[in-house]
1. Scan the range 29-60 residue by residue and report those that are touching a strand residue (DSSP E or B) at 6+ places or on another chain (Cβ under 9 Å) and crowded, with 17+ Cβ neighbours inside 10 Å.
2. Which residues, counting only those in the range 52-78, are under 16 Å from residue 33 (Cα atoms), part of a helix (DSSP H, G or I) and in contact (Cβ under 8 Å) with a residue 12 or more places away in the chain?
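Every number here is computed from the coordinates shown, using simple stated rules; none is lab data. Because the structure is predicted, anything quoted here is derived from the model rather than measured. A quick note on method: Cβ atoms are made from the backbone with ideal geometry, for glycine too, and the neighbour counts reach across all protein chains shown.
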């Protein structure tokens, strides 16, 4: 039986796929993005920094962010910014 050699680039890619075989933490984004005056999204409850850094975070860090975001939503910290009706008309 003849064995085929696997290119080094492919070996690295396969090892990455095996490492990421565990389920990734899903983003809490609800596609209702609106930052309030405290830079907290009223849709998901994450801060601007947390949203920007999401893709580079570890799964443990993402879980922590999701917990904090849920807490912010429950505490009312992620309420949308108040818009002055006079300013909207202008």
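1. Residues of the range 29-60 that are touching a strand residue (DSSP E or B) at 6+ places or on another chain (Cβ under 9 Å), as a first pass: 29-30, 32-35, 38-42, 46-48, 50-51.
Once the filter is applied, which keeps residues that are touching a strand residue (DSSP E or B) at 6+ places or on another chain (Cβ under 9 Å) and crowded, with 17+ Cβ neighbours inside 10 Å, the range 29-60 yields 35, 40, 41, 42, 46, 47, 50, 51.
2. 54, 66, 69, 70, 72, 73 - these are the residues of the range 52-78 that are under 16 Å from residue 33 (Cα atoms), part of a helix (DSSP H, G or I) and in contact (Cβ under 8 Å) with a residue 12 or more places away in the chain.
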